[in-house]
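Working notes for the structure below.
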Amino acid sequence: MKLMLKGGRIIDPSQDIDETMDLLIEGGVVSKIAKNIPAPRGKAGGGAVVLDMEGKIVAPGLIDMHTHLREPGHEYKETILSGSLAALAGGFTAIACMANTKPVNDSRSVTEFILRQAACANLARIYPVAAVSINLEGGCLTEFADLKDAGAVAFSDDGKPVADSGLMRQALEYACSLSMPVLSHCEDRDLAGEGMMNEGFVSTELGLTGIPSISEDIMVSRDIELACYTGTSVHIAHVSTAGAVELIRNAKARGVKVTAETAPHYFTLTDEAIRTYSTDLKVYPPLRGIEDRNAVREGLRDGTIDSIASDHAPHSSIEKDVEFAYAAPGLIGLETSLGLSLALVDKGILTARQLIAIMSMNPARILNVPGGSLRKGELADVTVIDMERTWTVDMKTFRSQSRNCPFHGWALKGKAVMTIVGGAIKYRDNDPHL
Amino acid sequence: MILERKDVLGLSDFSAAEIDLVLDTAETFREISTRTIKKVPTLRGITVINLFYEASTRTRTSFEIAAKRLSADAVNISSSTSSVVKGETLSDTAKTLEAMSPDIIVIRHPCAGAPHILARLLSQSIINAGDGSHEHPTQALLDMLTIRHKKGAIQGLKVAIVGDVKHSRVARSNIHGLTTMGASVTVCGPAMLMPRAVERMGVVVETNMKDALRDADVIIMLRMQLERQRSHVFPSSREYARLFCLTRLMLENAKPDAIVMHPGPINRGIEISPDVADGPQSVILEQVTNGVAIRMALLYLLAGGRQ
Amino acid sequence: MGITKRVVMDAEGIDRSITRIAYEMLEDNKGATDLILVAIRSGGILLSGRIKEKIANIEGVEVPRGILDITLYRDDVVMTGKKPQMGETDIPCSLNDKKVVLVDDVIFTGRTIRAAMDALMDFGRPRLIRLAVLVDRGHRELPIRPDYVGEVLPSALWEDVNVNLSKSGGTDEVLIIQDMGMD
């Protein structure tokens, strides 16, 4: 099938393109990108479906490099199918899913299972992230080479830090030799203790145990030094503190191969929001102070932080409709991530082009996966965005199986209106003009 | 004369006028407890559920007596475990309670914010009887009633709060209430038991008890919340007492007419030496008496509020 | 149209009524023995003081006087969030076997008196309770009747009856006030 996206504003940072052009898709790949491509004629053989993209942004498919799909093990929270549907509705053509399933994705069989389920769903591309250590216990490394061969794209014990610095060194060195990234959840558990939210004035007033920002900074610093010393690279997951942003900025300046991601809640909310004790706001790392939020925004603006990932973490009412202390940490973000990120463009913090790079090209490069570009011959993964579309977050309409979203009722501007994976339209907003 | 709120969850959002209203109302209720027949029919037909997720004989008894002196029906539900352990959500708990048609629910919970979540789920009035390390508004109100009784007014007094401030809900509620009423508050305790940025609550922070007590009109000693601390935060009780026990000698640093308060139960010899606890400056038992009056006042002011 | 006021008792009339009430009480009780006046807060306070003075003048005896706040005994107190201002209750002695005379300025529906009788019972078991009022304005909702009445003044439901007593007594008056509203 041929698909012609006509007259949209094509933004493709990989080719330095930002102008009104047409995009022709043939055989699941990009076949042509140019101004005023004549519509292929003839209904039988060469005919193409022509879609008018006027007023829309046509971008390389967005990639969320940090999600939790809960399958296998916690299918009542999310499945690979429901997570994929949520991803498509949020404008993501590909998502990476973390290893903290039950059983943990620490072996070929689990990785293969995930890929098989993804193939059955045949929706978004699913990239499994395998565990660094067996059962996420921080004891001994998983079989990196075998997992890579099975289809894992990265290694991470996300949800838990690799507390043992020696093990982390081994992981970085071994992964590097296999050209695989390590995604690090940075947290000093001894400092974090039984903390439930950011330590500061708000935690003091609320009487909730605090997690100091330095519990993140210290581990970010350790991982940077490990990468520097061993000449390897490391990716810092969900950056939330001003200190971590500064450490990464300095490390990049001195040539350390460090990349980083943050999540929309860290540049949107602060710990002040927890005054309601809403458990949907319980998340690790915790929502920080206003200085941290501003530093994360600045880190995105100046390129210190490479990527925005949702850290989509579905939980049911059994985990969330409880006391704050007992609530499981995490919030869902696949369907709100783009809308919240576009607010940074609206505020003038990022340009649309920067944001597209942050949400497509950069994660593709960090994970070393195809996509993130509309170059001729690339996979035809495309996200069409309506920047002017205002909509209200309504969790009742979510494709995700879970409802732990603190943004319910928020009015957002900008939305994915079409998501194309491998040349096939997998999601289409109920927009009469499309 | 009206308390414009459904719930009493904490003193952080109480105005001075509201605190005055509660204290004035409690003042008239003190008299009832001195009668031969200590009961008035005011809250006949009102059901009060005392929902206690944490053991507390004192506070529960105080609320129960308060309800009964006003002729309300008080029902005690004690649960050592959260509903979460039983596989129930807080909404399930709320719906179950609602089905029993209470009018006021008094809740004590080891988790900060639990009363706030229940208050959102329920149409009934919620009174927070202590939530984790967060707030204990009725304790602070009874403390303020005691202070007002002994000192005439709260405005302008110097109050020292000494002990494990970090884990103390009594400290937090008193800081909110006393600063709202115009007292100047100094908090004092071991450095590692001082919560971060507490000075932003409008208090002076001291780690030396002598400095904290200088010119104090009121001394509120906190209970060592051993159950709310992670292990090994302080070397030993002996070491604690060496620095922070209110002895007769230490008390000499305060004003000669300073009053000594403690929310109870006292760890004698750790927080307060026995001679001070039983001495002429101690008003600890009056606090208990005032506790009943304060709780009667709140039940009275909240009852029937939303018809 | 505003508010119209009508004086229905003047200082002289009020004083005559109080004197008569005091005589009736003493006659009824055959003296002042075991008599105690209990004023209902706040309308009965000044009036009970006057009656106490009269009795002292007639008999040369100071009868004890208590003050009762009936707020907590009202039947409408939990109907709304708005709570009436409360005052102190001060009963100077046990009421066991006493002849109690409740004193209020105006009797209207009778609900206040019902509440007052319940409250009295919590302070002991009086031998009897009587009721003295300066004005009976009618409209009773309970089977209650005063024993000593200054004056019966039938009034309309929309009218207010105000008894203004002063400490000295010179400017005493009873008014019927009608608020016609604004139009």
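Readers should treat all values here as calculations from the given coordinates under stated rules, not as data from a laboratory. What you are looking at is a predicted structure, and each value in this text was computed from that prediction instead of being measured. Virtual Cβ from ideal backbone geometry, glycine too; neighbours counted across all protein chains shown.
Structure values in brief
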quantity: Crossing angle, helix B:137-151 versus chain B [Cα axis fit, 0-90 degrees, rounded to tens]; calculated: 60 degrees
quantity: MRE, 222 nm, helices only [DSSP H, n ≥ 4, -39500 (n - 2.57), over chain B, to nearest 500]; calculated: -11000 deg cm²/dmol
quantity: For the protein assembly as shown: rounded, prolate or oblate by the Cα gyration tensor [a/c cutoff 1.5]; calculated: prolate
quantity: Distance in nm between pseudo-label sites at B:K39 and A:E246 (7 Å out along the Cβ direction from Cα); calculated: 6.6 nm
quantity: Value of relative contact order over chain C, rounded to a whole percent, pairs C-alpha under 8 Å and six or more apart; calculated: 29 percent
quantity: Using alpha-carbon coordinates, inclination of helix A:337-346 to the longest axis of chain A, degrees; calculated: 80 degrees
quantity: Relative contact order, percent, chain A [alpha-carbon distance under 8 Å, six or more residues apart]; calculated: 20 percent
quantity: Most fluctuating residue given options A:S373, A:S341, A:S215, as computed from a GNM of chain A linking Cα atoms under 10 Å; calculated: A:S215
quantity: Pairs beyond 18 Å (Cα-Cα), from B:K38/B:K68; C:K30/C:K99; A:K6/A:K56; calculated: none
quantity: Filtered GluC sites (Glu not before Pro), the range C:1-78: DSSP coil and at most 13 other beta carbons within 10 Å; calculated: C:E62
quantity: Antiparallel DSSP beta bridges within the range A:60-367, percent to nearest 5; calculated: 5 percent
quantity: Nearest-ten-degree value, helix A:242-253 long axis tilted from longest Cα axis of chain A; calculated: 70 degrees
quantity: Loop-located trypsin sites (Lys or Arg not before Pro) in the range C:115-174, at most 11 other Cβ atoms within 10 Å (DSSP); calculated: C:R127, C:K167
quantity: Neighbour net charge for B:E286 - beta-carbon separation under 14 angstrom, K R +1, D E -1; calculated: +1
quantity: Normalised contact order of chain B, rounded percent, pairs of Cα under 8 Å and 6 or more residues apart; calculated: 21 percent
quantity: Candidate lysines for bridging to B:K95, where Cα separation is under 19 Å - those fewer than 8 sequence places away on the same chain excluded; calculated: A:K320, B:K6, B:K86
quantity: Those aspartates and glutamates that a straight Cα-Cα span of less than 15 Å connects to B:K255, excepting residues fewer than 8 apart in one chain; calculated: B:D211, B:D215, B:D217
quantity: B:A183 long-range amide H proximity, modeled H, under 5 Å; calculated: B:G156
quantity: Peptides ranked, highest mean first, by Cβ atoms within 10 Å: ranges B:168-179, B:93-104; calculated: B:168-179, B:93-104
quantity: Theoretical gain in end-to-end length, C:L142 to C:C93 [0.36 nm per residue, Cα-Cα removed]; calculated: 14.7 nm
quantity: Where GluC sites (Glu not before Pro) fall in DSSP loop in the range A:1-100, at most 16 other Cβ within 10 Å; calculated: A:E54, A:E75
quantity: Unsatisfied cross-links (Cα-Cα over 31 Å) in the set A:K282/A:K413; B:K158/C:K83; A:K32/A:K426; calculated: B:K158/C:K83
quantity: Cα-based shape type of the range A:60-367, given that a ≥ b ≥ c are square roots of the gyration tensor eigenvalues and the cut on a/c is 1.5; calculated: rounded
quantity: Per-residue average of Cβ from other chains inside 10 Å of C:62-75; calculated: 2
